[in-house]
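The values are calculated or read from the model by the stated rules, or taken from the named source; none is laboratory data. The structure displayed is predicted, hence computed values, not measured ones. Please note: Cβ atoms are built from the backbone with ideal geometry, for glycine as well, and neighbour counts cover all protein chains shown.
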Amino acid sequence: MNDQQLLRYSRQIMLDDIDIEGQEKLLAARVLIVGLGGLGSPVAMYLAAAGVGHLVLADFDHVDLSNLQRQIVHTQARIGVNKAISAVQTLRELNPEVHITCVEKPLDLESMNDQVKQVDVVADCTDNFATRFAINAACVKAKVPLVSGAAIRLEGQVAVFDARDENSPCYRCLYEESEEDLTCAANGVLAPLVGVIGSLQALETIKLIAGIGTTLKGSLQLFDARHAQWRTIKLPKDPHCPVCS
């Protein structure tokens, strides 16, 4: 690291859990963020600020006025702009040293597998089960850790699925493919909720990269924003899971 980097990341480096070695791991890491909406906004911003060296941003949607209540990586001036492209502008102002790759088209099976196998961690910030299942399958295949988040109304959840551990469940162990999608457009969401969940996703991603602490691997953490209550549920591996068993 050069002098500017030592100064920029000094508050992290002084942590015994991070130190120089941990910061260098972050600088060398590559993370795929799928979805640059309410969850992807804080995930991308905190990972960029923390010094994750290469971020791959995947989103084919465009910024809409209704997004701005919670998708803080975007601005009103970028309405109509692809969300991945819009996010790049904010992240480069936040930390110009971070290398950013944009994927502006929907990820099909081949491109999903190709992107996932190149990264150290995947952050799933999407809002539909079909995409979540596809991301999970790619992560299991490539043995890449997956940090999954979801938020709707006043409820949120975060889980870590790590296919490097044969005893770790995957996302498909938790949900059936027949699950019904709940969207913010149809059900609403409180703005700071996605910030809470996205921030926790960013934290878990950093812990996985730096190899510190205890992650949420094999656990589902639920947040009830209405009553400010957290609950953690242990997730068993499904021996009959069609994806990871």
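Some notes on this structure:
- Subset tally (residues that are closer than 22 Å to SER111 by Cα and crowded, with 24+ Cβ neighbours inside 10 Å) for the range 44-53: 1
- Among the candidates ASN82, ASN67, ASN2, the residue that is out of contact with any strand residue (DSSP E or B) (no Cβ under 7 Å at 6 or more places or on another chain) and touching a residue at least 12 places away in the same chain (Cβ under 8 Å) is uniquely ASN67.
- Subset tally (residues that are outside any helix (DSSP H, G or I) and either at pLDDT below 95 or more than 30 Å from LEU6 (Cα to Cα) (or both)) for the range 72-107: 10
- The residue pairs whose first member lies in the range 159-176 and is farther than 17 Å from ASP127 by Cα and in contact (Cβ under 8 Å) with a residue 24 or more places away in the chain, whose second member is surrounded by fewer than 21 Cβ atoms within 10 Å (Cβ to Cβ) and polar (S, T, N, Q), and whose beta carbons are closer than 8 Å, counting only pairs six or more residues apart or on different chains, are PHE161/SER168; ASP162/SER168; ASP162/THR215.
Per-residue answers, yes or no, for (1) crowded, with 20+ Cβ neighbours inside 10 Å; (2) out of contact with any Pro (no Cβ under 9 Å at 6 or more places or on another chain); (3) closer than 17 Å to ASP124 by Cβ; (4) among the charged types (D, E, K, R):
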residue: ARG30; (1), (2), (3), (4): no, yes, yes, yes
residue: GLY38; (1), (2), (3), (4): yes, yes, yes, no
residue: VAL56; (1), (2), (3), (4): yes, yes, yes, no
residue: ASP61; (1), (2), (3), (4): no, yes, yes, yes
residue: LYS83; (1), (2), (3), (4): yes, yes, yes, yes
residue: THR90; (1), (2), (3), (4): no, yes, no, no
residue: GLU97; (1), (2), (3), (4): no, yes, no, yes
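- Annotation: of all residues in the range 117-134 being touching a strand residue (DSSP E or B) at 6+ places or on another chain (Cβ under 7 Å) and closer than 19 Å to ALA29 by Cα, the one that is surrounded by the fewest Cβ atoms within 10 Å (Cβ to Cβ) is GLN118.
- A residue that is among the acidic types (Asp, Glu), out of contact with any helix residue (DSSP H, G or I) (no Cβ under 7 Å at 6 or more places or on another chain) and surrounded by 11 or more Cβ atoms within 10 Å (Cβ to Cβ) occurs somewhere in the range 223-231.
- Residue list for the range 143-187, restricted to those being in a helix (DSSP H, G or I) and within 11 Å of ARG132 (Cβ to Cβ): TYR171, ARG172, LEU174
Residues are listed down the side, and each one gets a yes or a no for (1) more than 23 Å from LYS117 (Cβ to Cβ); (2) at pLDDT below 95; (3) exposed (fewer than 12 other Cβ atoms within 10 Å of the Cβ):
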residue	(1), (2), (3)
LEU146	no, no, no
LEU154	yes, no, no
CYS170	no, no, no
SER199	yes, no, no
THR214	yes, no, yes
